[in-house]
1. Before rounding to the nearest 500, sum -39500 (n - 2.57) across all DSSP H runs of length at least 4 in the chain and divide by the residue total; then give [θ] at 222 nm in deg cm²/dmol.
2. Relative contact order for the chain using alpha-carbon pairs under 8 Å, separation at least 6, rounded to a whole percent?
3. Show me the helices of the chain, taken as full DSSP H stretches, that run 27 Å or more along their long axis by Cα and average 0.0 or above in Kyte-Doolittle hydropathy.
4. Which of these, F72, F182, F44, has the largest mean-square fluctuation under a Gaussian network model of the chain (Cα springs below 10 Å)?
5. Using a 1.4 Å probe and counting only protein heavy atoms, arrange W15, W192 so the residue with the most accessible area comes first.
6. Leaving out ligands, DNA and RNA but keeping every protein chain, what accessible area does L285 have, in Å² rounded to the nearest 10, with a 1.4 Å probe?
7. Rounded to whole Å and ordered largest first, report the semi-axes of the equivalent ellipsoid of the range 233-364 derived from its Cα gyration tensor (root of 5λ).
8. Under a GNM of the chain (C-alpha, springs under 10 Å), which listed residue has the highest mean-square fluctuation: G20, G317, G333?
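The values are calculated or read from the model by the stated rules, or taken from the named source; none is laboratory data. Because the structure is a prediction, the values reported are computed rather than measured. So basically every Cβ, Gly included, is an ideal-geometry build from the backbone, and we count neighbours across all protein chains shown. Just so you know, the surface numbers come from the protein's heavy atoms only, side chains and all, with ligands and any DNA or RNA stripped out. Shrake-Rupley method; radii C 1.70, N 1.55, O 1.52, S 1.80 Å.
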Amino acid sequence: MSFNTFGHMFRVTTWGESHGPALGATVDGCPPGIEVSEAFIQQFMDRRRPGLNKNTTQRQEADQVRILSGVFDGRTTGTPIQLMIENTDQRSKDYGDIAQSFRPGHADITYHQKYGHRDYRGGGRSSARETAARVAAGGVAQAVLRAMVPGLRITGYLVQMGVKHINPDRFDRDEIARNDFFVPDAAVVDEWADYLHHIRVNENSSVGAMIEVLAEGVPPGLGAPIYAKMDSDLAAAMMSINAVKGVEIGEGMGAATLTGVQNADEIRMGDTGPEFLSNHAGGILGGITTGQPILVRFSVKPTSSILTPRRSINTLGDEVDVVTKGRHDPCVGIRAVPVAEAMMACVILDHLLLDRGQTGGRRGEIG
C-alpha cells in the first residue's frame with residue numbers, strides 16, 4: 001500500500017509531485033448540499049502559496065485550484081470531489097547537479113533505499129509542495145464545518161522562529177494576517193525579518209520554527225477511545241506535514257514538570273453547563289473533546305536545501321559535498337501555518353462525521 005490517504009469518514013487522498021504537471025487531492029465522504037466554490041477554497045490557497053514575500057521561496061505559483069468533480073451548481077453532491085492545482089513555475093534544471101546525490105537532512109536517501117527509483121526534482125513527492133493539495137482539501141473541510149458548526153474557528157500562527165520567540169502577553173489575533181510570518185506579536189516582526197535575512201544571506205542557511213494551531217468552538221464529545229482518539233489523529237495529521245519533528249497537545253512536554261495539583265483542569269457548573277477552570281489538557285480528555293479550545297503545537301526543522309556545502313554520498317557510494325541551488329524557503333515553518341489549519345479542519349470534520357454516525361449527536365446530561 002502507498003498510504004496517500006488519511007481520514008476515517010472524511011477521506012483525503014493527495015497526489016502529484018513538486019515538478020510534475022499538477023498536483024491535487026481527491027476528497028471523499030463530504031456531505032451533500034454544502035456551498036463551496038473555487039473562490040472559497042482559493043482564499044486558503046493564497047495564504048500558503050509561494051512567492052508572496054521576500055521571506056519565503058521565490059518560486060512563483062498562482063496555485064489556482066480547480067474543482068473537477070463532486071460540486072454542481074455551487075453545492076457538493078456527496079460524490080468524490082477532485083481538486084487540481086497546476087504547477088507552472090518549475091525549474092527542474094536546478095536539481096540536475098544533485099540527481100545522483102543525497103541531500104543531508106532530506107528524504108532523498110530514504111526514498112532511494114525504499115523504492116530504488118525517485119523523482120529528484122525538488123524532492124518529488126517528499127516536497128512541501130504536496131501540502132498545497134492538503135490546503136485545498138482543508139478548504140472543503142472548512143466549508144462543511146461552517147455549515148455544521150457555525151461558531152467553530154481555527155487559527156494558526158508562529159510562536160517561535162529559531163531562537164526568536166513571541167511575547168505571549170502581547171498576543172494579538174488580528175496581527176496574524178498583517179505580517180509575513182503569521183505571528184501574533186507586532187513587536188517582533190522587524191526583528192524576525194532581520195534575523196531570517198541574516199541566516200539566509202549571510203550564513204547561506206535556514207532555520208526551524210514552532211507553530212500553534214487553535215480550534216475554538218469545538219463541540220464536546222468528538223473523538224473516541226482507544227484507537228481513534230482526537231489527539232492521536234491530530235498528532236498524526238500534524239506529524240505528516242513535511243519537516244515536522246515534534247507535536248504537543250495542550251501542556252504537551254511541559255506537563256512533565258507539573259504536579260497533579262497543578263495539571264488537573266478543575267471543573268465547576270456554569271449557567272450553560274460544565275466550566276473548566278484551566279486547559280492544560282488542550283481541550284481533549286481520554287481522546288474526546290471537552291468543549292474547550294483545542295491547542296496543538298508542533299516544531300518544524302530547518303529547510304534541508306541550503307547553499308552551504310554539506311557532506312554526503314551519491315548513489316555509487318562516493319563521498320561528495322552537496323550544495324542545493326534553486327528557490328527554497330529559508331524557514332519552511334512560515335508556510336506551514338495554513339497547512340496546519342487545513343489538517344486541523346480535516347481531522348475535526350472527520351470526527352464530527354464519525355460522531356454523527358455513532359451517536360447521532362446525543363450527549364450525556366449533566367445537571
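1. Estimated from H runs of four or more residues: -7000 deg cm²/dmol.
2. Relative contact order, the chain: 22 percent.
3. 336-359
4. F72
5. Highest to lowest solvent-accessible surface, that is W15, W192.
6. 90
7. 41, 19, 13
8. Sorting by GNM fluctuation, first place goes to G317.
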